[in-house]
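Heads up, the thing below is written out as structure tokens.
Computed from the coordinates by the stated procedures, all read-outs in this text should not be read as laboratory data. From a predicted model like this one, the values you see are computed outputs, not experimental measurements. Heads up, the Cβs are rebuilt from the backbone with ideal geometry, glycines too, and the neighbour counts pull from every protein chain shown.
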Amino acid sequence: MLSNEELERYQRQILIIGKNGQELLKHKKVLQVGAGGLGSPLSLYLVSSGIGELILFENDFISLSNLGRQILYNTDDVNKSKGDLAKSYLTRLNPNIKITIINERFTEKTAEIYLKNAQIDYLVDASDNFETKFLINDLGLKYNIPFTIAGIQGFEGQLISVNPHNTACYRCVFGGIPKTDKSKTIPVMSPTCGVVGSLEANEVIKGLLNYGKRITNKLLMLSLDTGDFTIIPIKQNPNCLCANQN
């Protein structure tokens, strides 16, 4: 049941999803990877929307160059742990939410204990590298957990949501991990992080509630310099991992 405080806190959202929907969110558990440019708005909206628990993987520390786009943090936070700071800020935003910080890199070994035993309802990517995105894809398929993966560069962003083994996955779009020059710094416009991170939060909430139409079997491409949002249909590759039922 929702407390009087929760009824007041979520009153505008309840007008859309109803009390039953809000109560359903309260019992849902999300695992998020990353609390940086994408992860900041993503976590803020998940927590403010009233999910039950957020498990957040983040093992990095704040640098001054993060502050142009990572809105969870401020200047006094430089050189401090992102995970610890994220938990403190998010708990103050909404003390009703259980927040668990994993101060480790997201790897198959570190993730599996939570994916096996924690009854995760949704897996969401806010990482900054292809290796982690493909790992999230493959673990979501392995454990049959719905997931959303997104990426940003400059003014541009992309997003896909997946129902394991029922819809096309990240590998259906990109195949294998592309070769990139890891010595190069990826250019990012700060508002792009906010828009794409917010879209991810919206996808997670829709998935948890089975509400509306998620961005499945399609890739959302957006260009904020031109204001274009493009949907590209995607078919499940019959030779892909996602086409094989566990």
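The table below gives the values:
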quantity: The chain: antiparallel DSSP beta bridges as a percent of all, rounded to 5; calculated: 50
quantity: Candidates Val188, Val204, Val196, ranked by Gaussian network fluctuation over the chain, Cα under 10 Å, top entry; calculated: Val188
quantity: Spatial separation of Cα centroids for the stretch 76-108 and the stretch 1-51, in angstrom; calculated: 17
quantity: Relative contact order %, the stretch 4-243, counting alpha carbon pairs below 8 Å whose residues are six or more apart; calculated: 19
quantity: Distance (nanometres) between label positions extended 7 Å along Cα→Cβ at Thr75 and Asn210; calculated: 5.1
quantity: Translational D in µm²/s for the chain (Stokes-Einstein at 4 °C, 1.567 mPa s, Kirkwood Rh from C-alpha pairs); calculated: 71
quantity: Lysine pairs within the stretch 115-225, Cα separation less than 30 Å, 8 or more sequence positions apart or different chains; calculated: 21
quantity: Stretch gain in nm, segment Asp228-Leu15, where the contour uses 0.36 nm per residue and the Cα spacing is subtracted; calculated: 73.7 nm
quantity: Residues with amide H under 5 Å from that of Thr100, placed H, sequence gap 5 or more; calculated: Leu54, Ile55, Leu56
quantity: Cα principal axis extents for the stretch 119-230, largest first, Å; calculated: 36, 29, 22
quantity: Residue-by-residue Karplus 3J(HN,Hα) for the stretch 51-65, coefficients 6.51, -1.76, 1.60, Hz, glycine and proline x; calculated: 5, x, 8, 10, 9, 10, 8, 6, 10, 8, 10, 6, 10, 4, 5
quantity: Residue order, fewest to most beta carbons within 10 Å, for Thr185, Thr107; calculated: Thr185, Thr107
quantity: Kirkwood hydrodynamic radius of the stretch 1-133, from inverse mean 1/r over distinct Cα pairs, in Å; calculated: 15.4
quantity: Nonlocal amide H pairs with Ile234, under 5 Å, H built at 1.01 Å; calculated: Lys218, Leu219
quantity: Amide H contacts under 5 Å for Gly154, placed H, 5+ residues apart; calculated: Val188, Met189
quantity: Under Karplus coefficients 6.51, -1.76 and 1.60, residue-wise ³J(HN,Hα) of the stretch 203-208 in Hz, glycine/proline x; calculated: 5, 4, 5, 4, x, 5
quantity: Equivalent-ellipsoid semi-axes of the stretch 175-246, from the Cα gyration tensor, Å, largest first; calculated: 25, 21, 13
quantity: Highest-fluctuation residue, Asn94, Asn117, Asn210 considered, GNM on the chain with Cα pairs under 10 Å; calculated: Asn117
